[in-house]
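First the structure, in the form of structure tokens, and then the observations on it.
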Amino acid sequence: MKKQAVPTADMPRRNPFLLGIFLITTAILLFQVVQTRILSVIAWYYLAFFAISVAMLGMTAGAVWVYLMRAKLTPGTLSTLLADTSLLTALAMPASVMVQFCLIITLRPAVTSVFAWCLLMTAMMVPYIFAGITVSMALTRSPFPVSIVYGVDLLGAATGCAAVVGVLNVFDGPSATLFAGLLAGMAAYAFARGATAPEQVTLARRGWWRRPLPIALLLAISVPLNMSIPFGFKPVMVKDRLEDSLRPRFEKWNSYSRIVAYSPSASAPWMWGPSPLRDKNLVVQQAGLTIDGEAGTHMYHFDGTTGSIDFLRYDLVNLAYHLPGITKSAVIGVGGGRDLLAAYLFGVKDVTGVEVNRIFIDLHAKHPFYAPYSNLKAMPGLKLHVDDARSWFAATEESFDLIQMSMIDTWAATGAGAFSLSENGLYTLEGWRAFINRLNNNGVFTVSRWYSPGDINESGRMVALAMAVMIDRGVADPRQHVFVARANAIATLVLSKSPFTPVKLKLLRGDTERLGFKVLIAPDMEPESDVLQQIVAAKDIASLNHVARKTFLDLSVPTDNRPFFFNQLRFGDIPHFVKMIFRNELSGGVVYGNLRASIALVLILAIAFVAVGCTIVLPLHIAIKSAPRRLITIGTIYFSLIGGGFMFAEISLLQFFGVFLGHPIYAMGVCLFSLILSSGLGSLASGGFPLNSGGRIALWGTIVGAYLLLAQWGLTHLFEVTTAQPLPVRILISLAVIMPVGFLMGFAFPTGMSLVAKVDAEPTPWFWGINGATGVLASVAAVMVSMAFGINVTMSMAGLCYLALIPTARLLLAQSAPPIQ
């Protein structure tokens, strides 16, 4: 039995040492999720997955450095080195984000664009490299029991994931970065306090700028200071454009977004689908609002009378209000309040607004300037709820005459294509099923999306989704429930729970033509577009998807398994559209945005390949020079399967639970927390229950593989029956689903290391490097697989990886078995 280390004068003090480990891991996990939120503001939403890849790459590169420098890392300098690398982590966190704020991350057919992305990856990696060095040294060089050190490391990582939502709701993004740096600085101070006496003397001789305490104090001061001054640590470039920082009157971050409200001005009223009959000389007071620097909406000044908002009669998105009998309505996405005002204008006295982002609700209800400006409190019968729309409609017992969802996506999400999951859960078959179920028998669901006369894109998919939800309800002739009108660039769907009566149809057609709009689809007419004709003629969902597969873009029906409504570009068509760009035949719109996102993903994968080779594979190649070839081959396959399988499972869970929990940030916090904690506990438990026989390996691999292969089907049913639960309950459900499989997956890595070490311990650095390398690449590949084939396929690939570990692990076991005499 291994004896516990007896404290001596040349050992660091235990409690400060463990506190340092806890603080540094808390800081780095908090920073990772905060950086994801910042990237969605300054760049695009798909970089959330890029952040995961870069974090893994940087942490692994840091561990590689520790391995390469192992001869120079002496026990007598451990605390000093840990304090130094923690301090560098603390400074690198805000510095990294500062560089990111100044970069133009765009895609152009130029070497400069590739260089900008490489520079972005480098800037993002630096804090993780220093943190990786710190954690790796603490775990491998610590004189304390590994189980205790590892347990504290896990506790810190879990705390960082759990704290992120609260931190982002208190601090803005840059200040949250400074706060993460503060935690890393406190870790440096803890390591310094726990240093041996000789190290204390060395640290005391340093200038103040190299001591942890002064740096931590500066970071502590900078957090509230940055939040209180208008020209502090702020974004300079937002979505490749210079931030207009002189105009905002209000700026607020939270875990969902960054909202900026500008000073009001007198101008022509901004409308989605303006009628040519509107008063073109009309000027109203309105304030612009932006969401994450790109998506825009407007807040009108409402004086309590319908005269101040009468222009909303001439907006296509409000067409459904011309139907009779609408006395109770609901709006999905309050935003600037325009749809709520439209309901009041058309005489609806019972109006409910459901908004996932509390900032908007607080602007209307509490802000000293914007609350009286929007004046929504003057609306009688108005009720506002802060909740995810799907969850709220699934839980409520209320029913409505009209539910409106106008352009709810954020333009940033459309540009990002498949990678933004923040609103895609509103545009799936399961989501629309929840909305239709809350309509009265004669109620209507009205949705507005972008429309292009020569390119049936989002509007075509919207129609396919409308047909699918009616077919799903068992309607014999779904087209009798569908009416679509269009303005120049907007199409508005009016989907009736009951078939349109001739009277209602006449009213809709008459008001559409009177206002100068055009009817696209109606029960009594054939659409002009061949594609729309085939869509409305479909009698089942299989027929709908068959039509969608033959179209110019992917118009297939989105489901929770493939909730990428805004991505309509098939991977196989990318070369064709790239050629169109070079021929100047494609310069904007949905296709261009999807193409930009897809090319970015391919570019990220290519950069990741190069980075993995340079920072992991090549440096660690020396570890396998003298090792048996068969061991290297089998071990490389084994640890590649672990890295790939774990990341395919993690990404698919992030995507599944992003829809279930209502926002990617919640999914990232919950999934990372549960996977890190449970897999770490599994790694610890593997020592007490080792997978040291073929039978145990087969049982373990079968359980994990079957769990992942079958979970995708169970999750669909589980989400359907629990979506109505409040967020805390859904989080607990998520933990209950993820933690058992995470615990079992945690057995894989220590088992492999144990089996390899029995044959030859020299190549073990190569194997953990391969595990990290494949994890980095798989995190990008998993997103591509989900886009192309569905999240269930990604999870199935994870299950197959773990099943493939069974024969691979048995081969390793055979290698480690003593030869028969």
Response to the item:
If one compares the long axis through the Cα atoms of helix 589-612 with the longest principal axis of the Cα atoms of the chain, the angle in degrees, nearest 10, works out at 0 degrees
Fill in: Burial order of peptide ranges 117-130, 368-381 (average beta-carbon count within 10 Å, highest first)
117-130, 368-381
Worksheet item: Using alpha-carbon pairs under 8 Å, 6+ residues apart, how would you state the relative contact order of the chain in percent?
Response: 13 percent
Discussion item. Using a 1.4 Å probe on the protein heavy atoms, what percent of the accessible area of the chain belongs to carbon and sulfur?
Written reply: 64 percent
Worksheet item: Considering only DSSP beta bridges whose two residues both sit in the chain, what percent are antiparallel, to the nearest 5?
Response: 65 percent
Response to the item:
So for R0 = 30 Å, FRET eff. of SER399-LYS539 from the Cβ-Cβ r, to 0.05, ends up at 0.60
Worksheet item: If you line up the long axis of helix 629-661 against the longest principal axis of the chain, both from Cα atoms, how many degrees apart are they, to the nearest 10?
Response: 30 degrees
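Report the gain in length on full extension from LEU139 to ALA110: 0.36 nm times residue separation, minus Cα-Cα distance, nm rounded to one decimal.
Between LEU139 and ALA110, full extension yields 6.1 nm more.
How do 807-813, 200-206 rank on mean C-beta neighbours within 10 Å, highest first?
Highest to lowest by the protection proxy: 807-813, 200-206.
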Worksheet item: In degrees between 0 and 90, to the nearest 10, how far off the longest principal axis of the chain does helix 212-228 point, with axes built from Cα atoms?
Response: 0 degrees
Practice prompt. In whole Hz, with x marking every Gly and Pro, tabulate ³J(HN,Hα) for the stretch 672-678 from phi via Karplus 6.51 cos²θ - 1.76 cosθ + 1.60, θ = phi - 60°.
Written response: 5, 4, 5, 5, 5, 5, 6
Item to complete: Can you pull the one-decimal nm distance between simple spin-label points at ILE622 and SER228, each 7 Å off the Cα toward Cβ?
Response: 5.2 nm
Discussion item. If each residue of separation counts as 0.36 nm, what is the full-extension length gain between ASN441 and VAL236 once their alpha-carbon separation is subtracted?
Written reply: 68.7 nm
Fill in: Per-selection Kirkwood Rh - the stretch 281-340 (Cα, Å, 1 d.p.)
13.3 Å
Worksheet, complete the sentence: 1/(1 + (r/R0)^6) with r = Cβ-Cβ of ALA706 and THR74, R0 = 45 Å, i.e. FRET efficiency to nearest 0.05, evaluates to 0.40
Worksheet item: Okay, which of the stretch 273-289 sit inside 19 Å, backbone N to the point 7 Å along the Cα-Cβ direction of ASP303?
Response: 279-287
Discussion item. Give me the one-decimal nm value for the distance between modelled label points at TRP209 and ARG509, 7 Å along each residue's Cα-to-Cβ direction.
Written reply: 7.8 nm
Fill in: Net charge over other residues, Cβ less than 9 angstrom from the Cβ of LYS234 (K, R count +1; D, E count -1)
-3
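Run through the DSSP bridge list for the stretch 276-400 and note the antiparallel percent, rounded to the nearest 5.
Of those bridges, close to 40 percent are antiparallel.
Quick one, what does Rg over Rh come out to for the stretch 328-410 if you take C-alpha atoms and the Kirkwood Rh?
Values: Rg = 12.0 Å, Rh = 12.8 Å.
My calculation puts Rg/Rh at 0.94.
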Worksheet item: Given 0.36 nm per residue, what is the gain on full extension from ALA736 to GLU762 after removing their alpha carbon distance, in nm?
Response: 5.5 nm
Discussion item. Ranking request for peptides 613-620, 524-531, 636-643, 650-657: highest mean number of other beta-carbon atoms within 10 Å first, then the rest in descending order.
Written reply: 650-657, 636-643, 613-620, 524-531
Discussion item. If Rh is defined by the Kirkwood formula over all Cα pairs and Rg also comes from Cα, what ratio Rg/Rh do you get for the stretch 185-324?
Written reply: 1.29
Discussion item. On a straight-distance basis, which lysines could pair with LYS234 in a cross-link, Cα separation under 17 angstrom, same-chain partners fewer than 8 positions away excluded?
Written reply: LYS252
Worksheet item: Using alpha carbon centroids, what distance separates the stretch 718-775 and the stretch 147-169, in Å?
Response: 16 Å
Fill in: Å² of accessible area per residue within the chain, as computed with a 1.4 Å probe and no ligands counted
37 Å²
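The values are calculated or read from the model by the stated rules, or taken from the named source; none is laboratory data. Treat the numbers as computed from the prediction; the structure is a model and nothing was measured. FYI the Cβ positions are ideal-geometry reconstructions off the backbone, even for glycines, and counts take in every protein chain you see. These area figures cover heavy atoms from the full protein model, side chains too; ligands, DNA and RNA do not enter into them. Shrake-Rupley method; radii C 1.70, N 1.55, O 1.52, S 1.80 Å.
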